[in-house]
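The values are calculated or read from the model by the stated rules, or taken from the named source; none is laboratory data. For clarity, every value in this text was computed on a predicted model and none was experimentally measured. Neighbour counts are summed over all protein chains in view; Cβ atoms, including those assigned to glycine, are modelled from backbone coordinates with ideal geometry.
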Amino acid sequence: MAGLIPQSFIDDLLDRADIVDVIDRRVKLKKSGKNYMACCPFHQEKTPSFSVNPEKQFYYCFGCGAGGNALGFLMDYENMEFPAAVESLADSLGMTVPREQPERREERGQRELYPLMEEATRYYQRQLREHPRKATAVDYLKGRGLTGEIAKRFDLGFAAPGWDNLLKALGTTEERKQQLKQAGMLVENESGRVYDRFRDRVVFPIRDQRGRVIGFGGRVLGDDKPKYLNSPETPIFHKGRELYGLYQARQANRQLERIIIVEGYMDVIALAQHGINNATATLGTATGQAHLEKIFRLCPEVVFCFDGDDAGRQAAGRALDAALPCMQDGRSARFLFLPEGEDPDTLVRDRGAEHFLGLVANAVPLDSFLFDSLAANLSLGSLDGKARLSKLAAPLLQKLPPGVYRELMFKELAQRTGMATDTLSQIVAPPPAPEAPPAAPSSPRQRQPRSQAQAGPTGLVQMAIFLLLHQPAVARQVEDLEPLKALEGDEVALLLELLELLARRPESTTHMLLGHWYGTQQGELLNRLASQERLIPPEGIENEFTDTMNRLLNHPKSREFEARVDKLKHRNYADISELEKLEIVQELREKRRRDEERGRKQ
């Protein structure tokens, strides 16, 4: 649907909109120099790190890395999809959104799945109230200690026994039947027979962050298998990105302090029944980075809740692996292991909410769980045991983003192994990236250590991208892109795309470029680089861009070196040979020597 809106209109819309007005209506901004500041609405913080640049019309948070233009802010803050954000911003400016072409059939069909899923939700709710066999489902829910109020809050329903109840109720036309199949509500077997996916089950609607029903879960009431059943992957339901109960948790909490991840629907609902309204559950998948990034955008702490058996420990190990890359400074992850044979549902019913919250308060911090788990079968009194711990911890510590937390983890490993922190860092940490060209002098306050989200450009390619973002017009200096195409690496590909886009649309501004890559991995890099205005060289962007591109394109060793470093960023450091490490160090020294010579000549 986004493709139906002309790009020229989007550009005009962004030119007319004032991002300060857009954000200030939702988050109170305070003037700070030439920019505006506020506490970030996307993560919890006490000191404002959310900056809005009125000149270049973009925002950036130095704490969590969120950033973009006015449309990106509306999408993130209001939980809007792109077309809705365009409509909202256009309405506020009295503009009408034009359409280039009729909506495509498959796009219209996908959009129409949402109201159909709401119809299915209401149908299952009626069945729970009215169906002759409802007593079985009602008795089951009452037996689990649930009230009618909590059942209504989570929209619980009943899929009655029978093969085609939903099909007959909602599949009244061939088009609606096809939509129900597309939404995963109907199944077609090899012989062509179509029947209901959910039968003789208590039904749990799954809502996304905007409150739309995107799928269902069902708990069997008889002896059928599987015991729990989820909707399949559909155009509107992606298990790896959604969390059951997250919408209800946000509705119940004006400000979430932490989120508890449990294993099942009934755990979430039972905890809510007892006043614990911050639990969620994954949907038949292990907790992944996409889940955790979604959580950390809402609150600073996550508590994983697992059974205390071997399966629970294995699941905790997978959760740890997913959490490590997300552990930016200010975020916290802890692990709660319940007594064997217990789950949150039974525990909160038997012992009450206060007991369960006490367990949550004493959950094991990530660092303790990591090191204690690795050391469980090692003898740390021996040199062999300490060496083994270092080797086991290395690939895990590599996943942590740079920052204070990472440094503290190194210190903890150093304390447990008796090794010096600097030695461990050299063994475990990835090789240093090439230094950026000298930046403008900064004030004492600006010289404070920066987290990964605050880091400036590293290497020639990032410097070229950085300069283009802050003055897109310098792209006209590059008349021939062929020499650049000889380089390899993801960042080189992004630089090429930027230059090609600016050749087609030379009028592009910073916020237009950010919008073009919004929501992508490249977009995160662009947001970070766009925020580093203090690194703009005092002698001017044009001269610096010319020098950067000359050094990048005219020195074969520099080109080869940039490509090698870019490749190494995407490899496991443990897989890099000692020879490669030595060569990189030597080349870094040679590069510094050349830079120093160039500085003396200037």
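Going residue by residue through the range 298-311, is there one that turns out to be over 15 Å from the mean Cα position of the chain (by Cα) and without any contact (Cβ under 8 Å) to a residue 12 or more places away in the chain?
Step one: filter the range 298-311 for residues over 15 Å from the mean Cα position of the chain (by Cα), giving 303-311.
This time we only want the ones that are without any contact (Cβ under 8 Å) to a residue 12 or more places away in the chain, so: 310-311.
Yes - at least one qualifying residue is present in the range 298-311.
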Exercise for the section: Name every residue in the range 59-79 that is over 22 Å from Gln328 (Cβ atoms) and of a type in the set (Asp, Glu), in order of residue number. Expected result: Glu78
Handout entry: Residues that are of a type outside the set (Val, Ile, Thr) and closer than 18 Å to Lys227 by Cβ, drawn from the range 241-298
Key = Tyr244, Glu263, Gly264, Tyr265, Met266, Asp267, Ala270, Ala281, Leu283, Gly284
Fill in the blank from the handout: Taking the range 67-79 and keeping residues at positive phi and part of a loop (DSSP other than H, G, I, E, B) leaves Asn79
Practice task
Would you tally the residues in the range 147-160 being assigned to a loop (DSSP other than H, G, I, E, B) and surrounded by 15 or more Cβ atoms within 10 Å (Cβ to Cβ)?
Solution key: 4
Exercise for the section: Return the residue satisfying two criteria in turn: it lies in the range 274-289 and is under 23 Å from Ala311 (Cβ atoms) and among the hydrophobic types (A, V, I, L, M, F, W, C), and of such residues it is surrounded by the fewest Cβ atoms within 10 Å (Cβ to Cβ). Expected result: Ala286
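Return the only residue of Ser32, Ser8 being free of Cβ contacts under 8 Å to residues at least 40 places away in the same chain, over 20 Å from His516 (Cα atoms), of a type in the set (S, T, N, Q) and out of contact with any His (no Cβ under 8 Å at 6 or more places or on another chain). Explain how you work it out, then say what you get.
On the way: Ser8 fails: over 20 Å from His516 (Cα atoms).
Answer to the check: Ser32.
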Fill in the blank from the handout: The helices (runs of 4 or more DSSP H) lying wholly within the range 483-539 that contain at least 1 residues that are among the acidic types (Asp, Glu) are 490-504, 521-530
Handout entry: Which numbered condition Ala333 misses (of (1) under 23 Å from Glu257 (Cβ atoms); (2) in contact with a Pro (Cβ under 9 Å, 6 or more places away or on another chain); (3) at pLDDT below 90)
Key = (3)
Practice task
Just one of (1) buried (at least 17 other Cβ atoms within 10 Å of the Cβ); (2) at pLDDT 90 or above trips up Gly352, so point out which.
Solution key: (1)
Handout entry: Failed item, numbered, when Arg144 is tested on (1) within 22 Å of Arg250 (Cα to Cα); (2) surrounded by 14 or more Cβ atoms within 10 Å (Cβ to Cβ)
Key = (1)
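If you go through the range 116-137 one residue at a time, do you hit one that is assigned to a helix (DSSP H, G or I), modelled with pLDDT under 85 and in contact with a helix residue (DSSP H, G or I) (Cβ under 9 Å, 6 or more places away or on another chain)? Give the steps one after another, and end with the answer.
Taking the range 116-137 and keeping what is assigned to a helix (DSSP H, G or I), we get 116-130, 134-137.
From the residues that got through so far, the ones that are modelled with pLDDT under 85 too are none.
No: the range 116-137 contains no residue that is assigned to a helix (DSSP H, G or I), modelled with pLDDT under 85 and in contact with a helix residue (DSSP H, G or I) (Cβ under 9 Å, 6 or more places away or on another chain).
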Problem - Residue that is modelled with the lowest pLDDT, among those in the range 283-308 that are closer than 11 Å to Phe42 by Cα and assigned to a loop (DSSP other than H, G, I, E, B) - result: Arg297
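Looking only at the range 170-179, decide whether some residue is touching a Lys or Arg at 6+ places or on another chain (Cβ under 9 Å) and crowded, with 16+ Cβ neighbours inside 10 Å.
Start the filter on the range 170-179 by keeping residues that are touching a Lys or Arg at 6+ places or on another chain (Cβ under 9 Å), which leaves 170-171.
Filter once more, so that each one left must be crowded, with 16+ Cβ neighbours inside 10 Å: 170-171.
Yes, the range 170-179 contains at least one residue that is touching a Lys or Arg at 6+ places or on another chain (Cβ under 9 Å) and crowded, with 16+ Cβ neighbours inside 10 Å.
Within the range 106-157, can you find the residues that are hydroxyl-bearing (Ser, Thr, Tyr) and free of Cβ contacts under 8 Å to residues at least 60 places away in the same chain? I'd like the intermediate steps shown before the answer.
We begin by selecting, within the range 106-157, every residue hydroxyl-bearing (Ser, Thr, Tyr); these are 114, 121, 123-124, 136, 140, 147.
If the condition is that a residue be hydroxyl-bearing (Ser, Thr, Tyr) and free of Cβ contacts under 8 Å to residues at least 60 places away in the same chain, then Tyr123 is the only one that fits.
Give the number of residues within the range 254-284 that are of a type outside the set (A, V, I, L, M) and over 25 Å from the mean Cα position of the chain (by Cα).
Start the filter on the range 254-284 by keeping residues that are of a type outside the set (A, V, I, L, M), which leaves 254-255, 257-258, 263-265, 267, 273-275, 277-278, 280, 282, 284.
Filter again for over 25 Å from the mean Cα position of the chain (by Cα), leaving 273-275.
Final tally of qualifying residues: 3.
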Problem - Those residues of the range 329-358 which are part of a loop (DSSP other than H, G, I, E, B) and basic (Lys, Arg), in sequence order - result: Arg331
Exercise for the section: Could you please tell me which pairs satisfy a Cβ distance under 9 Å, a separation of 6+ or placement on different chains, a first residue in the range 462-486 that is closer than 20 Å to Trp517 by Cβ, and a second residue that is among the aromatic types (Phe, Trp, Tyr)? Expected result: Met463/Phe545; Ala464/Phe545; Leu467/Phe545; Leu468/Phe545; Gln471/Phe545; Val474/Phe545; Ala475/Phe545; Val478/Phe545
Exercise for the section: Can you confirm whether the range 471-486 contains a residue that is at pLDDT below 75 and not assigned by TED's automatic domain parsing to the domain that holds Val52? Expected result: yes
Problem - Among the candidates Glu242, Glu301, residue that is surrounded by fewer than 22 Cβ atoms within 10 Å (Cβ to Cβ) and of a type outside the set (Gly, Ala, Ser) - result: Glu301
